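Q: Attaching a single structure in structure tokens format; questions to follow.
The values are calculated or read from the model by the stated rules, or taken from the named source; none is laboratory data. Worth saying up front: this structure is predicted, and the values here are computed from it rather than measured. Using ideal geometry, Cβ is built from the backbone for each residue, glycine included, and neighbour counts are taken over all protein chains shown.
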Amino acid sequence: MRRRGNGDAGQAFPIYITVVGGLLFLALAYFAVGQAAATRSEAQTAADAAALAAALETRDRLTDQWIDHVLDPDLWQDIFEGEAPVPSGCWRAHELAARNDASVDCQPDGLLAYTVVAETNDTVGDTIVPGTEDRRATQTATAVIEARCRFDPLPGDTDDEALPSLSCKDGKDWNLEPDDLSNLPKPEDLFDVHLADS
């Protein structure tokens, strides 16, 4: 009886080794998947941040244009529609991507949006999956600028020094007085910046 028990134990040992080896392989596979997911997440974070940075830069420049021409309401509509001459905000996208250890391709997407493709500088790394040691993650994001305010142009017979009032999405109206421009809307009052739905 004792001899048979030892034989059973000897037969069970290879099965035990096989099961442990399989579990170890699965653990390494899950680790590889986790590394790849983390690298993709880094790329998406870099793309989101870079696209938003480019859009925020343009929002600020459009606000500067509006402030510079606040006494000329005929130019307001072009500013709110993104047709005012402002430099590209892509330099901010590259700056933010570098902080997130990534490189980007940034392109204006129409007048009031930027699309950014970000690639991580780091690779997935060595895993049990062949080829991951040189693979980088690439993700895309688009940020959109939207005017938050509207205004009704003044009729032609109105006093030349009068300014239209702005009606904004938060329910706040800005009644602007040409002789008192100390309390003008801020960039975030005039424009909303957000990531486009993917």
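Q: Being touching a helix residue (DSSP H, G or I) at 6+ places or on another chain (Cβ under 7 Å) and at pLDDT 70 or above is the filter here, so list the residues in the range 131-143 that pass it.
A: Listed by number, the residues that qualify are Ala137, Thr138, Gln139, Thr140, Ala141, Thr142, Ala143.
Q: Okay, moving on. Six or more apart or on different chains, Cβ under 8 Å: which pairs go from a residue in the range 184-198 that's farther than 9 Å from Ala143 by Cα and touching a residue at least 60 places away in the same chain (Cβ under 8 Å) to one that's acidic (Asp, Glu) and part of a strand (DSSP E or B)? Could you list them?
A: Phe191/Glu146
Q: Taking interchain pairs and intrachain pairs at least six residues apart, which have beta carbon atoms under 6 angstrom, with the first residue in the range 68-94 and at negative phi and the second in a helix (DSSP H, G or I) and of a type in the set (Asp, Glu)?
A: The qualifying pairs are Ala84/Asp78; Gly89/Glu57; Arg92/Glu57.
Let's see how each residue does on (1) hydroxyl-bearing (Ser, Thr, Tyr); (2) under 18 Å from Gly110 (Cβ atoms); (3) in contact with an Asp or Glu (Cβ under 7 Å, 6 or more places away or on another chain); (4) at pLDDT 90 or above:
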| residue | (1), (2), (3), (4) |
| --- | --- |
| Gly5 | no, no, no, no |
| Ser41 | yes, no, no, no |
| Ala50 | no, yes, no, yes |
| Asp60 | no, no, no, yes |
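Q: Okay, moving on. Which members of the range 57-82 meet the condition of being touching a helix residue (DSSP H, G or I) at 6+ places or on another chain (Cβ under 7 Å) and part of a helix (DSSP H, G or I)?
A: The answer is Glu57, Arg59, Asp60, Leu62, Thr63, Gln65, Trp66, Trp76, Ile79.
Q: Quick check on Asp101: is it under 25 Å from His194 (Cβ atoms), at pLDDT below 90 and surrounded by fewer than 16 Cβ atoms within 10 Å (Cβ to Cβ)?
A: It is true that Asp101 is under 25 Å from His194 (Cβ atoms), at pLDDT below 90 and surrounded by fewer than 16 Cβ atoms within 10 Å (Cβ to Cβ).
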